[in-house]
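> This structure is in structure tokens; I'll ask about it shortly.
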Amino acid sequence: MILFHIAGGIPLDGSSFPGIYYPFNAGYTYQSPLPGLAQHPLNIPATLDTAHGIISFLSYTQGVFVTVTKVSSYKCGQLVSEIFREVQLSLLSNCLITNSPNVFNTAPNINPPAPVETFTVLAGDTFIYALVASDLELLPPLSGSAPQSITIKAMGMELGLNDTSQTTGCLIPPCAVLSTPTPFTIPITLSEILSWPTSCSHAGFFNGCLQNQRNFHFVFGVGR
């Protein structure tokens, strides 16, 4: 059995190997690299979902920040691999759509709104998931006051080739497919439907052999 552990890593400064540790400003460390209550009383400090690797936070502090997520893999208690993913963030404030009255830009609305959803599917059933995202705000006047556009991207190791093939491109066919291949961008409102015809092989058995993989993850990213 292979177990995974997700934690924060230390970013490196410079391109030469092995590099040096990134020098964080006062009030920040590699374990706390994003704005928290010390920077603004309304900030919600970042939390790391160790089951999915999702980092969640709310910041009223603008600036440029860097995070590293480390995923460690253990087999029978023995460390067998580690992967580091560095993400650089630029947080901007006062993103005005109009000046009089002041209207600030907000994130798209997503339905369902839950950041993480978990489903149990019986092998042989077809899993169908629908997502709708909308943004009714306009671009700033200097950009023509046109409707804002929304972009969606789907990721998952069980997605078929080009998001449309049920036979190739995934770890264990049949593969999941999307109603519209991603990424794609349209104004105001978009919808996406994931369809996945599962089989007994997805339950952990293939050609009479037990597989370790029984949990599958699909990630949808929505932005403008």
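> Looking at (1) in contact with an Asp or Glu (Cβ under 9 Å, 6 or more places away or on another chain); (2) more than 24 Å from residue 35 (Cα to Cα); (3) surrounded by 13 or more Cβ atoms within 10 Å (Cβ to Cβ), can you tell me which one residue 105 breaks?
All conditions pass for residue 105, except number (2).
> Of everything in the range 81-100, what is of a type in the set (Ser, Thr, Tyr) and farther than 20 Å from residue 137 by Cα? Give them in sequence order. Spell out how you get there, then give the answer.
Restricting attention to the range 81-100, the residues satisfying the condition of being of a type in the set (Ser, Thr, Tyr) are 81, 90, 93, 98, 100.
Once the filter is applied, which keeps residues that are of a type in the set (Ser, Thr, Tyr) and farther than 20 Å from residue 137 by Cα, the range 81-100 yields 81, 90.
This table checks each residue for (1) under 30 Å from residue 97 (Cα atoms); (2) at pLDDT below 95; (3) in a loop (DSSP other than H, G, I, E, B).
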residue: 127; (1), (2), (3): no, no, no
residue: 136; (1), (2), (3): yes, yes, yes
residue: 142; (1), (2), (3): yes, yes, no
residue: 151; (1), (2), (3): yes, yes, no
residue: 185; (1), (2), (3): yes, yes, no
residue: 193; (1), (2), (3): no, no, no
residue: 202; (1), (2), (3): no, yes, no
residue: 214; (1), (2), (3): no, yes, yes
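> Could you tell me whether any residue of the range 162-170 is hydrophobic (A, V, I, L, M, F, W, C), surrounded by fewer than 14 Cβ atoms within 10 Å (Cβ to Cβ) and closer than 27 Å to residue 51 by Cα?
No, the range 162-170 contains no residue that is hydrophobic (A, V, I, L, M, F, W, C), surrounded by fewer than 14 Cβ atoms within 10 Å (Cβ to Cβ) and closer than 27 Å to residue 51 by Cα.
The values are calculated or read from the model by the stated rules, or taken from the named source; none is laboratory data. Since the structure is predicted, the reported quantities are computational estimates derived from the model, not experimental observations. When we count neighbours, we look across all protein chains shown, and the Cβ atoms used for this are built from the backbone with ideal geometry, even at glycine.
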